[in-house]
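The values are calculated or read from the model by the stated rules, or taken from the named source; none is laboratory data. Since we're looking at a predicted model, the values are computed, not measured. Heads up, the Cβs are rebuilt from the backbone with ideal geometry, glycines too, and the neighbour counts pull from every protein chain shown. These accessible areas exclude ligands, DNA and RNA; they are computed on the full protein's heavy atoms, side chains included. Shrake-Rupley method; radii C 1.70, N 1.55, O 1.52, S 1.80 Å.
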Amino acid sequence: MARMHIHIAVEDIAKNIAFYSALFGAQPSVNKDDYAKWQLENPKVNFAISTHGRKPGLDHVGIQSDSPEEQTAIEQRLKAAEITGAEQKDTTCCYARSDKYWTVDPQGIPWETFHTLASAPTFTGNEQREESGSGCCVPGLSSCC
């Protein structure tokens, strides 16, 4: 079963970890100096915060697939609806290696669908992106709809 994903850009990681840990009644499953993630079962959500956003607030939302087949089915639905996007295979972002498909909703909010392959030791696989603080690994997409 897929899980909802929400990523919020924050300025103060420690203050936000304290807030969201109290809100969810759980500590993050991943906790780094610049990133934290709660992989919750109730509600079933992958909720992440980081200091890598374009600006504080909602960075992007998405759907985390449990299998490559589920990921492919989501991509195929979007393509069948003629919603443009960008595919990323075996990419590193948010301390994980994943297969992803990105699109942008009518409001301009980036959406990712992804299947996680493994954890990764760095936030991204691109040192230049990490140094620039350019946010999560959203490819350059304009409006999709």
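Please work out how much length the chain gains when fully extended from Thr122 to Gln76, using 0.36 nm per residue of separation minus the C-alpha to C-alpha distance, in nm with one decimal. All intermediate terms of the calculation are to be shown ahead of the outcome.
Working: separation 46, 0.36 × 46 = 16.56 nm, distance 2.99 nm.
Gain on extension, Thr122 to Gln76, equals 13.6 nm.
What is the angle, in °, between the Cα long axis of helix 13-24 and the longest principal axis of the Cα atoms in the chain? Nearest 10 is fine, range 0 to 90.
Its long axis makes an angle of about 80 degrees.
Between Arg97 and Asp33, what is the label-to-label distance in nm when each label sits 7 Å out along the Cα-to-Cβ direction?
2.5
Rg over Rh of the chain, using C-alpha atoms and the Kirkwood radius, what does it come to? If you can, show how the numbers build up before the last one.
Details: Rg = 14.7 Å, Rh = 15.5 Å.
Using Cα coordinates only, the ratio equals 0.95.
Per 0.36 nm of contour for each residue apart, how much would the distance between Asn42 and Glu11 grow if the chain were fully extended, relative to their Cα-Cα spacing?
Working: separation 31, 0.36 × 31 = 11.16 nm, distance 2.64 nm.
Additional length available on full extension: 8.5 nm.
Taking only protein heavy atoms into account and a 1.4 Å probe, give the accessible area per residue of the chain in Å².
In whole numbers, the chain has 53 Å² accessible per residue.
For the chain, calculate the relative contact order in percent as a whole number, restricting contacts to Cα pairs under 8 Å that are 6 or more residues apart.
Numbers: 300 pairs, mean separation 33.5, N = 145.
Taking the mean separation of contacting Cα pairs over the length of the chain, I get 23 percent.
Which one of Ile109, Phe123, Thr72 has its Cα pushed farthest toward the positive end of the charge dipole of the chain, where Lys and Arg give +1 and Asp and Glu give -1 at the Cβ?
Ile109
Between exposed GluC sites (Glu not before Pro) in the chain, where DSSP calls loop and at most 12 other Cβ atoms lie within 10 Å, what's the longest gap?
Free of exposed loop sites, the longest segment is 12-81.
Can you give me the solvent accessible area of Asp34 with a 1.4 Å probe, rounded to the nearest 10 Å²?
Looks like 30 Å² after rounding.
Helix 68-80 sits at what angle to the longest principal axis of the chain, using alpha carbons and giving 0 to 90 degrees rounded to 10?
60
So how exposed is His7, as accessible area in Å² (1.4 Å probe, rounded to 10)?
Accessible surface of His7 is approximately 0 Å².
Note down the magnitude of the dipole of region 1-94 about its Cα centre, charges +1 on Lys and Arg C-beta and -1 on Asp and Glu C-beta and zero elsewhere, to the nearest 20 debye. Before the final figure, lay out the partial values.
Details: 10 positive and 13 negative charges, 44 e Å.
Charge dipole, region 1-94, about its Cα centre: 200 debye, nearest 20.
Subtracting the Cα-Cα distance from 0.36 nm times the residue separation, let me have the gained length for Glu69 to Glu87 in nm, one decimal. Numbers along the way, then the final one.
Details: separation 18, 0.36 × 18 = 6.48 nm, distance 1.50 nm.
Roughly 5.0 nm would be gained on extension.
Counting only DSSP beta bridges with both residues in the chain, tell me the antiparallel percent, nearest 5.
Working: 32 of 42 bridges.
Restricted to the chain, the bridges split so that about 75 percent are antiparallel.
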